[in-house]
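Notes follow the structure.
The values are calculated or read from the model by the stated rules, or taken from the named source; none is laboratory data. Every value quoted in this text rests on a predicted model; they were computed, and no experiment measured them. Reconstructed Cβ throughout: ideal geometry from the backbone, glycine too, with neighbour counts over all protein chains shown. Note: accessible area is taken over every heavy atom of the protein model, side chains too, but ligands, DNA and RNA are not part of it. Shrake-Rupley method; radii C 1.70, N 1.55, O 1.52, S 1.80 Å.
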Amino acid sequence: MTTTHRGTTTAPVPAQSTYQTRVADYWNAEENPVNLELGKIDDLYHHHYGIGEADRSVLDEPDPALRRERITAELHRLEHAQAELLASRLGPLTPADRVFDAGCGRGGGSVVAHLRYGCSADGVTLSTKQADFANEQARARGIDGKVRYHHRNMLDTGFRTGGYAASWNNESTMYVELDLLFAEHARLLRRGGRYVTITGCYNDTYGRASREVSLINAHYICDIHPRSAYFRAMAANRLVPVHVEDLTATAIPYWELRRQAEHLVTGVEEPFLTAYRNGSFQYLMIVADRV
C-alpha cells in the first residue's frame, strides 16, 4: 500500500479488463455540473439520482437566476433523500462500527452514514481524482479520522475479511460483474452484517434490455444488469434479501424536474423517463443480510 501527498490510500488496481481503465478515465475527466453544482450547496456530493415528490413551484420562479438556484437546490434535496433512505437501512450501527462504500464517487454517501451513526467509513473508487476530492472534503469537515476514501477496486479491496458491519453500492453495480462484487461484499461483512444496494436494473419480464436502457448504458459507459441477476448472485454469495422495494415511481419526479433544468440537462433524461414509464427499467432497493 502507498500513500499519496493528499493521504489517499492506494492499493494495486487489479487488471480486470480494459473496460475498468475506461471507467476510471471517464470519472477522472468528469466535471459535470449536475454532480458539482448540486454538491456545492452543502458540500455533500452525490453521484446518484433522487426520490420523492418534487416541489414543482421552483419552475414558476420568474427570475432566471433564482429559478436556476431553486431548481438546483430541489434536485439536491431529492438526491439527499435517496442517500438518507439507503443509510437508514444500514443500521443499527454504533460509532464503534465500520462501513464500506463501494463505488463511493465524490464521497457523499459515506458522510451521510457517518453523520447518522457516528461510524467509521471506507469509500472505494477507481478514480484517483474522486478519492482525492472526497478526502479533501472529509478533512474540511474534520471527520477525516473516521471517513476515508481509497483508490482501489471494489472487486478486490485488500481490506480485512469480516471487518465491516455494513456495506453498500449506490448506483455503482452496473460497472462490475455481480458475482465478483457480491463475493467481495460477503468477504468484507461480518456474519449478520447488512448490505444495501439502490440500483437501476432492466426488467426481465419486459424481455431483453430496451432501446432506452441501451442508450443509458452508452451514456455512462456501463452495463445495466437484469433484475434477476441480483438475486442469483446474492444467493450464490451468502447475501439473503430481507427487504426489496421498487422505487421507480418515486424516482420519476426527479427526472421530470431535471429534464427542465436547462443548466443541468445531460441528454439522458428522456431515456430514463421513457424506460421507467414503459416498464423496461426499474429503480430498486435491495437490503440483504450476510449469513
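Each residue of the range 143-156 is assigned a 3J(HN,Hα), and the resulting list reads 10, 5, x, 10, 10, 9, 10, 9, 7, 8, 9, 5, 7, 7 Hz, derived from the Karplus form 6.51 cos²θ - 1.76 cosθ + 1.60 (θ = phi - 60°), x at Gly and Pro. Taking amide H as placed 1.01 Å from N in the peptide plane, A121 has its amide H under 5 Å from the amide H of V99, V147, R148, each at least 5 places away in sequence or on another chain. Here the gap between H219 and T266, fully extended at 0.36 nm per residue and compared with their Cα-Cα distance, gives a gain of 16.0 nm. Surface exposure of the chain, expressed per residue as accessible area with a 1.4 Å probe, stands at 41 Å². May I ask you to list the residues of the range 183-200 whose amide nitrogen lies under 11 Å from a point 7 Å from Cα along the Cα→beta-carbon direction of T161? Counting backbone N atoms under 11 Å from the label point, the list is 187-188.
The slack in the chain from N28 to E245, taken as 0.36 nm per residue of separation less the alpha-carbon distance, amounts to 74.9 nm.
Split the accessible area of the chain by element, probe 1.4 Å, and carbon with sulfur accounts for 52%. The relative contact order of the range 137-291, computed from alpha carbon pairs under 8 Å that lie at least 6 residues apart in sequence, is 29 percent. Coupling constants for the range 225-233 follow from the phi torsions by the Karplus curve (6.51 cos²θ - 1.76 cosθ + 1.60, θ = phi - 60°), and in residue order they are 8, x, 4, 4, 4, 5, 6, 5, 5 Hz; glycine and proline get x.
Adding -39500 (n - 2.57) for every DSSP H run of four residues or longer, then dividing by how many residues the chain holds, sets the calculated 222 nm ellipticity at -13000 deg cm²/dmol. Within the listed set G200, G145, G118, the residue fluctuating most in the Gaussian network model of the chain (springs between alpha-carbon atoms under 10 angstrom) is G145. Counting only the backbone N, which residues of the range 242-280 are under 12 Å from the spot 7 Å out from the Cα of D289 toward its beta-carbon? Label zone hits: 242-243.
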